[in-house]
Amino acid sequence: MGLWIFLGVLALLVVGVVAIYNKIVTLENRFQNAWSQIDVQLKRRADLVPNLVETVKGYAAHESGVFEEVARSRQAMMNAKNPDEGAEAANMMSQALGKLFAVSEAYPDLKANENFKLLQEELSSVENKIAYARQFYNDAVLQFNNAIETVPGVFLAGPMGKKEHVFLEIPDSDRETPQVAFGS
Amino acid sequence: MSRPRQQRTPEAVTDRTTGRRIDLYATQTANRRASWALFLAMAGLLAAVGWLLAQAFDPAGAGLFVGVALLVAGVHAAVALAYSDKIALAAAGARKATRDEHRYLVNVSEAVALGAGVPTPRVFVIDDPSPNAFATGRNPQNAAIAFTTGLLEILDRQELEGVVAHELAHVRNYDVRFLSLLAATVGALLVVRDLVMRWAFFGRRRSVGGGGGGGGNAQAKAVAAVALIVLLIVAPLLGTLLRLAVGRKREYLADATAAHITRNPEGLARALEKLRDWRGEPLKVSEGVRHMFFVNPNLKANAAGWFSTHPPIDDRIDRLRRM
């Protein structure tokens, strides 16, 4: 009798541990997948940039300062060795592109260019996708952190070697419409 | 900052009307469980019908009757799930949205799907000036969302994001699967009811006329027949009421989920306002698919009531504004 109770408790314990283990792994995979979604969008944006710069150069060749800034941010993204550098370069590119679009406001011919309009829609939608992908990443990280810091996940997180992950800081400037400063 | 994106309470939103917190991730699991429970209930109900039928006509063949009833239940549910999206899209006259023609809609859908954490759905358009939308598909991997051209014309980007998020919320919450199963349940019961009615009025008369009645307890047979008829009349009605009630609740939940996905309840609220104030020819779709739309295509029917498929629009706007 005592043996059966012992075996029953043991079986319940095993089932519980397996369930928690699977939940933690699922949540970890979810936010890692979310991370790769951000990466896909950042790469797509970087791919659109040369095309955009060429188009704008055709109308506003002398705005070289802005082109250099965009090129530098793209270079920084290519050279990024870790996620932190990558995120910083991505923010740089957002700002540089914001300036580029602000500058193009002053060129009506450019704004009427079909190719430019298309690129503008594609880039603003990529920006939007990046914002949404980051938001989902943070949601997924929060769920993961909650799972490994609360009972019962906290008992398994240590043995599994899982640690709390940090949220992505979402720069406020990302979603602001660039302000155009004329004069000075 | 055009919208607050760093709200740090993503797993739950508070419904201020009822004061309850809705756990958004738990609803998925709950819905999947409810789908199974519903399927089992349907199978049980049909088995009961089969058993009663056997008692009323031929107690020796009970096994056969129950077996046939269960087979009907299984096939009906499988077909309803497998073809739900194709039937819905065809019934609404939807065609695939191409990136070239509807770049804006496709981009917005892809973005919101990223925010909702579901695979990019197939996107369709319906050529109709009346603004509306719906989602279909048995799971997020097979989801399709459709929008009328009228909707695309009158909404701005934030409003469209709200509507897309609402539809993707139905997808992520497995609402479509649940409601398809529920509709299939009611459908299967109606099929069985019609068959039984036919047997009761024709088959039985013939057997009585032939003078054969295999003996047995005539009283028990009569009781079984009455129970059967009551069950077959009441069950589909209850099923329909349940479907409508559950559907209305799910509209509120999808609105709340959409507000969470976009972090922008105002966009969806404005979209609902525009749809409420829109005047024109209503969307022509059959009665059977009305419940799945974003707002009831019959605009006058967007009011409260037991038999309404949607909650009142004003109430939905009100709840969004108070989030």
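The values are calculated or read from the model by the stated rules, or taken from the named source; none is laboratory data. Fair warning: this is a prediction, and the values are worked out from it, not measured in the lab. Cβ placement follows ideal geometry from the backbone for every residue including glycine, while neighbour counts extend to all protein chains displayed. Note: accessible area is taken over every heavy atom of the protein model, side chains too, but ligands, DNA and RNA are not part of it. Shrake-Rupley method; radii C 1.70, N 1.55, O 1.52, S 1.80 Å.
Summary of computed values
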{"quantity": "Any hit, the stretch A:51-68, residues being more than 26 Å from A:Arg134 (Cα to Cα), aliphatic (A, V, I, L, M) and open to solvent by 50 Å² or more (accessible area, probe 1.4 Å)", "calculated": "yes"}
{"quantity": "Qualifying residue in the stretch B:123-138 (condition: farther than 27 Å from B:Glu273 by Cα and touching a residue at least 12 places away in the same chain (Cβ under 8 Å))", "calculated": "yes"}
{"quantity": "Residue in the stretch A:119-137 that is of a type in the set (Ser, Thr, Tyr) and more than 30 Å from B:Val118 (Cβ to Cβ) present", "calculated": "no"}
{"quantity": "Qualifying residue in the stretch A:48-62 (condition: away from every other protein chain (no Cβ under 14 Å) and touching a Lys or Arg at 6+ places or on another chain (Cβ under 6 Å))", "calculated": "yes"}
{"quantity": "Which listed residue, of B:Asn264, B:Asn302, B:Asn298, is more than 16 Å from B:Pro131 (Cβ to Cβ) and either at pLDDT below 80 or surrounded by 15 or more Cβ atoms within 10 Å (Cβ to Cβ) (or both)", "calculated": "B:Asn264"}
{"quantity": "Single unsatisfied condition, B:Gly288 versus (1) part of a helix (DSSP H, G or I); (2) modelled with pLDDT of 75 or more; (3) small (Gly, Ala, Ser); (4) open to solvent by 20 Å² or more (accessible area, probe 1.4 Å)", "calculated": "(2)"}
{"quantity": "Residue among A:Thr26, A:Thr55 that is closer than 18 Å to A:Tyr107 by Cα and of a type in the set (Val, Ile, Thr)", "calculated": "A:Thr55"}
{"quantity": "Residue match in the stretch A:24-42 (condition: open to solvent by 60 Å² or more (accessible area, probe 1.4 Å), away from chain B (no Cβ under 14 Å) and in contact (Cβ under 8 Å) with a residue 12 or more places away in the chain)", "calculated": "no"}
{"quantity": "Residue tally, condition within 8 Å of chain B (Cβ to nearest Cβ), open to solvent by less than 20 Å² (accessible area, probe 1.4 Å) and not hydroxyl-bearing (Ser, Thr, Tyr), over the stretch A:118-133", "calculated": "5"}
{"quantity": "Meets criteria (at pLDDT 90 or above, exposed (fewer than 14 other Cβ atoms within 10 Å of the Cβ) and within 29 Å of B:Ile261 (Cβ to Cβ)) for A:Asn138", "calculated": "no"}
{"quantity": "Flag if A:Ala112 is among the small types (Gly, Ala, Ser) and closer than 16 Å to A:Lys57 by Cα", "calculated": "yes"}
{"quantity": "Search result, residues across the stretch A:126-153 that are free of Cβ contacts under 8 Å to residues at least 60 places away in the same chain and in contact with a Phe, Trp or Tyr (Cβ under 8 Å, 6 or more places away or on another chain)", "calculated": "A:Asn138, A:Leu142"}
{"quantity": "Where a residue in the stretch A:154-182 is in a loop (DSSP other than H, G, I, E, B) and open to solvent by 100 Å² or more (accessible area, probe 1.4 Å) and its partner, wherever it lies, is at pLDDT 60 or above and among the aromatic types (Phe, Trp, Tyr), with Cβ under 9 Å and at least six apart", "calculated": "A:Glu164/A:Phe144"}
